[in-house]
Amino acid sequence: ELVRADEVLGSYLNSPLPPVEESDLTEKECLVIGRWLGDGHRASAHRRSGKRGGTGQFFISCSYEEAPNLVNLLGEYTGAINDTGTSKQISIRNLSPLLRKTLSLCGERATEKHVPGILLALDQVKAEALLSGYLSADGHYVAKYDRWMASSVSRTLLLDMAIVAHRARGVVSSVYAGRPPRTHIIRGRKVESSQDWVFCFRNSPGYRQSGWIDSDGAWKKVRTSE
């Protein structure tokens, strides 16, 4: 029986985990995918002609200060390092056919980023690698509240990451609206920013949480209905 969305305030909604499926992706490859989901982009082979598609090249961008740690994280996947004038841009090399295919399923534009179904079905160890890679890009730890937080313009990506965090760390995550669409100036250029979304979870499962996890999945309390 379906329940109207405006009648669930105060109730709990269930978010089950998909069954685990064996994957030939390595833990390191999952880590690379997670980092790319946060800071990566794809340069299409047909971009100059205005067409979409093609094999293309995958890149991860970071600040100058972050570059040494990113190179260390990528290890053998570190390719050419370019200076854009405002950041470092590192190409990903040594991609296996499976890694390339998986990255191509994750979306190209920032607002289109998501976790494909094959990654939502990873086991706990590989899900942890995926989550850790993503948090190394968009996440930060708030010690005062023992909480991990990340933000993105892709709501879908963060809802997917809530499932990944459930598998990886046994936590119930929250996803909510952050800063609204806005206009600001960066280096003299007028930039239109999209709606920002926030993803967070307690580092200690079960601590002061209104939601919980049981054999049916994660249960989350409905606090607002819009």
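The values are calculated or read from the model by the stated rules, or taken from the named source; none is laboratory data. All values derive from a computational prediction rather than experimental measurement. Cβ coordinates were reconstructed from backbone atoms using ideal geometry, including for glycine residues, and neighbour counts include every protein chain displayed. Surface areas here come from the heavy atoms of the whole protein model, side chains and all, with no ligands, DNA or RNA. Shrake-Rupley method; radii C 1.70, N 1.55, O 1.52, S 1.80 Å.
Please work out if Arg100 is part of a helix (DSSP H, G or I) and in contact with a helix residue (DSSP H, G or I) (Cβ under 6 Å, 6 or more places away or on another chain).
When the stated conditions are applied, Arg100 does not pass them.
Looking only at region 177-199, filter to residues that are touching an Asp or Glu at 6+ places or on another chain (Cβ under 9 Å) and of a type in the set (D, E, K, R); which one of those is most open to solvent (accessible area, probe 1.4 Å)?
From region 177-199, those touching an Asp or Glu at 6+ places or on another chain (Cβ under 9 Å) are 177-184, 199; that's our starting set.
Checking which are of a type in the set (D, E, K, R) leaves us with 179, 182.
Working: Arg179: 136, Arg182: 66 Å².
Looking at the filtered set, the residue picked out is Arg179.
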Completion exercise
Per the list (1) open to solvent by 40 Å² or more (accessible area, probe 1.4 Å); (2) more than 15 Å from the chain's Cα centre (by Cα), residue check on Ser174 breaks on (2)
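With respect to Ser49, is the statement that it is of a type in the set (Ser, Thr, Tyr), surrounded by fewer than 21 Cβ atoms within 10 Å (Cβ to Cβ) and at pLDDT below 95 true?
Values: of a type in the set (Ser, Thr, Tyr): yes; surrounded by fewer than 21 Cβ atoms within 10 Å (Cβ to Cβ): yes; at pLDDT below 95: yes.
The answer is yes for Ser49.
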Handout entry: Any hit, region 125-147, residues being under 15 Å from Phe201 (Cβ atoms), open to solvent by less than 40 Å² (accessible area, probe 1.4 Å) and assigned to a loop (DSSP other than H, G, I, E, B)
Key = yes
Fill in the blank from the handout: Note on Arg109: of the conditions (1) in contact (Cβ under 8 Å) with a residue 12 or more places away in the chain; (2) within 15 Å of the chain's Cα centre (by Cα), unmet is (1)
